[in-house]
Amino acid sequence: MEVRVPTRPNPHLDIDAYDADADLMALNMGPQHPSTHGVMRIKLFLDGEVIVKAVPYPGYLHRGVEKLCEKLTFVQIIPIVDKHDYVAPMTNEQAIAVAFERTLGIEVPRRARYLRTILAELTRIGSHLLWLGTFTLDIGGTIGGGASVMMYTFREREKILDCFENLTGSRFHYNTHTVGGNRHEIPDGWVDQVKAITALMKIRVPEYEELCTGNEIFNLRTQGVGVVDADLALELGLCGPNLRGSGVDHDLRRDQPFHAYDEIEVNVAVAQGGDCHARYQVRIAELYESIRIIESIIDKIPDGPLSSQRPVKSHLGVKIKTGCHYHSIETPRGELGTYIIGGGDNKSASPYRLKIRPPSLHSMSALPYLLVGHTVSDVVAILGSLDPIMGEVDR
Amino acid sequence: MGVDETYRNYEHPLYASLEKMPGITVGLARLDQLLQWGARNSLWVFPMATSCCAIEFMTAAASRVDLDQMGTIIRPTPRHCDVMVVAGTITVKMAPRVKKLWDQMPEPKWCIAMGSCAISGDFYRDIYSVVPGVDTICPVDVYIPGCPPNADQVMVGLRRLQEKIQLQREGKWVEPDKRPDDPRTILPEIGLYDRREDDMTERQHEASRHLGVGGNESRDNDDGVISHQGGVSETAGGSTE
Amino acid sequence: MNEILAKLATEFPGVFDAENPDPSGALVPADQHVAVAAFLKENGFTKYVTVVGSHYPASGDEGVAEYEVGTVLRNPTRNSFAFMWRVRIPMDGEVPTLCPLFAGADWQEREQFDLVGVRFGGHPDLRRLMLPEDWEGHPLHKDYAIETAHPPWR
Amino acid sequence: MIEQLSNPWIWGVAYGLPLITVLMTIGAFATWWERRFSARMQNRHGPRWVGPQGLFQVIADGLKMMQKEDIVPREADRPLYRLAPVLPVFLVLATAAVIPFSGYWDEAGRWQAALVVADLDIGVLWVLALAGLMVFPIWMAGWASNNKYTLLAGMRAVAQGVSYEIPLVMVALVPVVATGTMSLSGIIAWQAENGWLVYRLPFIGALSFALFFLASLAEANRIPFDIPEAESELVGGVIVEYIGLQGGMFLMAEYLHTAVAAALATALFLGGSHFWMLPLPLYLGPVVFAIKAGSLFVLIYWIRWSWYRFRADQLMELCWVVFVPASLVLVMLTALQVWYEGLV
């Protein structure tokens, strides 16, 4: 199938002028729709079934966390950001912890950095598994082949959640990272558990590939759909697999290393084409790469303390330096940044202003460009391939 | 069941003769049991899935827990469903939609609040854009606590709902005391609550006292106070027909 | 970092200081905001990262209530780093929009307008993004109470 | 008594009513079967707590549906809205009337089809005509619900149904051309005497069978052709607004349609209840028939739970670029072979 030449549509198309006869049908998808990945509303102007203009309305999960963070201290902020990207809570914590550590100049022990790397990669596997399940669910239907793939991926994701539960005592919202290190010591047998997961995943991922790219319909539905070229992707601030699917060789794990990534080699997966299929390929390649990274360092976790800070009940004594600080790490969805403005007049232990830079919001802002010219069926494929998490979009 | 009592004529001779028929009461009781068994064992779920709990809800439908075991399937349209599972934070922008979808569900219907955000708003409770608990919008039958609850807890919640339906239909359900005389909330001593307005807690208690489960009686008692709060719809069909 | 700062210092003298740079990002006059962004985009900073508005209420009797808008760009290459600068404007002023340069600025600026209240001059579609259209006030104002009620829903 | 059964009216009632009961039961319990089957594929259990092995799940669902409040959307087109759920079940059951479920060898060594409600001379035409009518209730439901999703689903269903009608009709002509009769009993008898069409006509038979099977899938709106009911994009297709038993009727009709499509493929290409040398008694014919049709039924659901769905335009492209020309060529090749071999 030939790739459609990406001409950049106008997201601010004046629909009244375009459609003087009022022939277009306005279709609301969401906010409660099986395929909007949470509460997302997209208003589609349809000519037949072809989309002329798409207007997304996020904000149905806006929980005002940035306002809340202005009143909390570090210790209180870290468990709260768990709830943003609820598919990969571990990396959310890491992003905010890394931001605070870099802002305050706190050194993290090597053991904690290695543990964080392993946790981040496990989270990446879990997140991509869930993405694969929901993406195929969108393409194949809740009563159909997609549901089967979803069940398989959830089966493996459960194992990763068990592994996290073993470490932190919680399945979902871990609160295991603190400023300066990690909270929970590695339990006995945990390393073997992780090894079992990687060994299992090495068998399973080819099976998923067979179920997806082995099926001609999957390729038909994804190839040439939702093309975003490299220029537009960078302008929009797309990041992570969505950016690399457009052929931009950029990964913060390699380009601005955090955790222990400066000591290990990261092969960045890049795919050309910028369509849904390219984004799928990048994510599958990242699954293999994460398995490889975990296997390469799981036996090399150094001994030593897990945290450089004394365990305290509250960091009320710690003040953030005045001034603006922006630090970011690579989560499964891309660059998760934290913009901190230090406590006003050095009086408060809370940040004066804290903004989370969510990768999903940028993915969502690509929708008015990607959807135009496609049909309603493609909306779910494109939306699924961008892997947005609404908790992160709206915050 | 929305049966209009005005059309029933108990004076009719046919009714009298029916009543005297041997075994009719036993038969009707059996029939009612059968219907109740059917309603209890086929709870189709409409997932009002907004945030983190939605992922755990998906996990509950996936292979480890598998809600399908008890006959629960997930349908994306409110018209087909019996139970609305509110999984996640409800915001001010979302609340009218939740209300509308709840009204669109046909009776008999039940609501499950899953997770602390849906129950009370969790730590978002005080934030300008968050609804403090879904029971300020629609009556909630079962609360599943947790943040988020484990996947198997969802199934436990549905089993509790089955018990409740059985007791309700048999007339044995006792409404638990949801409205203590002295409502109060124990607030943790962190910086956030220092600036809480004095009447804020009072207002939220007021809202949850008049609505939620068993809200009908209390609404009758003090009239019109909660007119803006939405609350229990008279019938689901009211909005459509 | 030093390389691009040196370039910027020669291009915009008096704004950027290559010797002892402000770690929080340089303060750029509002009228040079777009020029700085365009210059950076030409010099490899093609990835739009974010824009952050913050509200500084008037302190004392003398001060003027201000908005500060920080913009972050990134070069998507090896040794990538985020480059940021700030613009300060009075509360009734406008920051020129970056929408013609970066398509992603559209939503980000809408979000900051919605939550903080910064107005972006020349933005094609400056509506609220997160909150309902009929919302009053901007929540991230320092004088906006976090517990503000919003009947009938809360 | 036995003589009176030869009266088509009495026979129609005496055999038709049990047949309807059996088919409806199959349609209902097919949902249970499908849920268990899909659960098996997905490492789950499926319904198993309600009754032994969850068998009563269907009954519970039915009882629940009966108790639901009856809502008609205010802006809906009431007569059409009410009529739409009834028609599909009726049409599908009417299709089943011409299918012979059994047969026997008479004294003259000829195959006599039996257990058919009405042995029409134009059985194939009847089947295809009713299949064409199936578009109407879906469109009625889509239009009358006054919902944009159902409208889109209805439009897709009409486009798909009308398009796939053509290859379906064309391929159904292959048995007609080969056997020289339009009666389903005649076609089965020909197959019993000369060999099943699926292998009797080398290549052409198997290809026609595959094409007929796929086109029936599209007619029955099964994955990969189920875009009218695409839940992930159109929420629930045309049945979004239907409540309780009305929605249940649609679901039931879908299962019945699938079962009848499998039965038709069996009758047209797999020799009906004939099983080579075995001189089966009359009452074992339905068992053979059920085994054949049941295998196809399982295959349909196997495909359903492991494949993805096409996009609407890809579906149309597949029909008009591949299926329609292929079916035309197959009919012509059949005619050539018939002329060459002098089969008729």
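None of the figures in this text is laboratory data; all of them are computed from the coordinates on show. Values in this document were obtained by computation on a predicted structure and should not be read as measured data. Cβ sites come from the backbone with ideal geometry, for glycine too, and all protein chains shown count toward neighbours.
What whole number of Å gives the distance from the Cα centroid of the stretch D:1-76 to the Cα centroid of the stretch C:11-49?
Each part's Cα centre sits 71 Å from the other's.
In percent, how large is the relative contact order of chain C, given Cα pairs closer than 8 Å and 6 or more residues apart? Could the numbers behind the result be given before it?
Working: 239 pairs, mean separation 29.0, N = 154.
Here the relative contact order equals 19 percent.
Roughly how many whole Å is it from the C-alpha centroid of the stretch D:149-177 to that of the stretch A:211-254?
With the stretch D:149-177 and the stretch A:211-254 each reduced to a Cα centre, they are spaced 36 Å.
Counting other Cβ atoms within 10 Å, keep those with at most 16, restrict to DSSP loop, and tell me which chymotrypsin sites (Phe, Trp or Tyr not before Pro) in the stretch D:1-54 are left. Mind dumping the intermediate values first?
Working: sites: D:Trp9, D:Trp11, D:Tyr15, D:Phe29, D:Trp32, D:Trp33, D:Phe37, D:Trp49; in loops: D:Trp49.
Loop-located and lightly packed - D:Trp49.
For chain D, go through all pairs of different Cα atoms, get the mean of 1/r, take its inverse, and jot down that Kirkwood value in Å.
Working: mean 1/r = 0.0475 Å⁻¹.
One decimal place: 21.0 Å for the Kirkwood radius.
Given only helices, namely DSSP H runs of n ≥ 4 each adding -39500 (n - 2.57), what is the per-residue ellipticity at 222 nm of the protein assembly as shown, to the nearest 500 deg cm²/dmol?
Helix contribution divided over all residues of the protein assembly as shown: -14500 deg cm²/dmol.
Hey, what angle do you get for helix A:110-140 against the long axis of chain A, alpha-carbon based, 0 to 90 degrees rounded to 10?
20 degrees
Over chain A, what is the relative contact order in percent, taking alpha-carbon pairs closer than 8 angstrom and at least six residues apart? Please list the in-between numbers first.
Numbers: 751 pairs, mean separation 101.6, N = 395.
Taking the mean separation of contacting Cα pairs over the length of chain A, I get 26 percent.
Compute, for the protein assembly as shown, the length of the dipole vector about the Cα centre, with Cβ point charges of +1 (Lys, Arg) and -1 (Asp, Glu) only. Units Debye, rounded to 20. Please list the in-between numbers first.
Numbers: 99 positive and 131 negative charges, 437 e Å.
For this selection, approximately 2100 debye.
Can you put A:Ile264, D:Ile300, A:Ile125 in order, fewest other beta carbons within 10 Å first? Let's see the in-between values first.
Details: A:Ile264 17, D:Ile300 21, A:Ile125 25.
Ascending number of Cβ neighbours within 10 Å: A:Ile264, D:Ile300, A:Ile125.
Of the trypsin sites (Lys or Arg not before Pro) in the stretch D:99-169, which ones lie in a loop per DSSP and count no more than 15 other C-beta atoms within 10 Å? Write down the numbers at each step before the final one.
Working: sites: D:Arg110, D:Lys148, D:Arg156; in loops: D:Arg110.
Filter output for the stretch D:99-169: D:Arg110.
Straight-line reach from C:Lys142: which lysines have Cα under 20 Å away, leaving out those fewer than 8 places along the same chain?
Hits, sequence-local ones excluded: A:Lys67, A:Lys71, A:Lys319, A:Lys321, A:Lys347, A:Lys355.
So what's the net charge close to A:Asp47: Lys and Arg +1, Asp and Glu -1, counting the other residues with Cβ under 13 Å from its Cβ?
Working: positive: A:Lys53; negative: A:Asp19, A:Asp21, A:Asp23, A:Glu49.
Taking every other residue near A:Asp47 into account, the sum is -3.
Which of A:Asp14, A:Asp255, A:Asp82 comes first, and how do the rest follow, when ranked by fewest Cβ neighbours within 10 Å? Mind showing how you got there, number by number?
Details: A:Asp14 9, A:Asp255 20, A:Asp82 24.
Final ranking by Cβ density, sparse to dense: A:Asp14, A:Asp255, A:Asp82.
Between the helical axis of D:135-144 and the dominant principal axis of chain D, each derived from Cα atoms, what acute angle in degrees is found, rounded to the nearest 10?
In chain D, helix D:135-144 runs at an angle near 10 degrees to the longest axis.
Based only on other Cβ atoms within 10 Å, what is the fewest-to-most ordering of A:Leu119, C:Leu5? Before the final figure, lay out each step's value.
Numbers: A:Leu119 25, C:Leu5 16.
Least to most surrounded, the residues fall as C:Leu5, A:Leu119.
Farthest toward the dipole's positive end in the stretch D:71-341, which of D:Ile166, D:Val338, D:Phe136, given Cβ charges of +1 (Lys, Arg) and -1 (Asp, Glu) about the Cα centre?
Value computed over the given set: D:Phe136.
Just how far, in whole angstrom, is the stretch D:294-315 from the stretch D:207-259 if you go by their alpha carbon centroids?
That distance is 10 Å.
Using a ≥ b ≥ c from the Cα gyration tensor of the protein assembly as shown (square roots of the eigenvalues), is it rounded, prolate or oblate, where a/c under 1.5 gives rounded and otherwise the larger of a/b and b/c decides, a/b for prolate?
Details: a/c = 2.12, a/b = 1.58, b/c = 1.34.
Verdict is prolate for the protein assembly as shown.
Looking only at other chains, what is the average number of their beta-carbon atoms within 10 angstrom of each beta-carbon in B:80-93?
Details: counts 12, 2, 4, 0, 0, 0, 0, 0, 8, 8, 5, 14, 12, 17.
Taking all residues of B:80-93 together, the mean is 6.
Which GluC sites (Glu not before Pro) does the stretch A:1-101 hold that lie in a coil by DSSP with at most 14 other beta carbons within 10 Å? It would help to have the intermediate numbers written out before the result.
Working: sites: A:Glu2, A:Glu49, A:Glu66, A:Glu70, A:Glu93, A:Glu101; in loops: A:Glu2, A:Glu49, A:Glu70.
Qualifying residues, ordered by number: A:Glu2.
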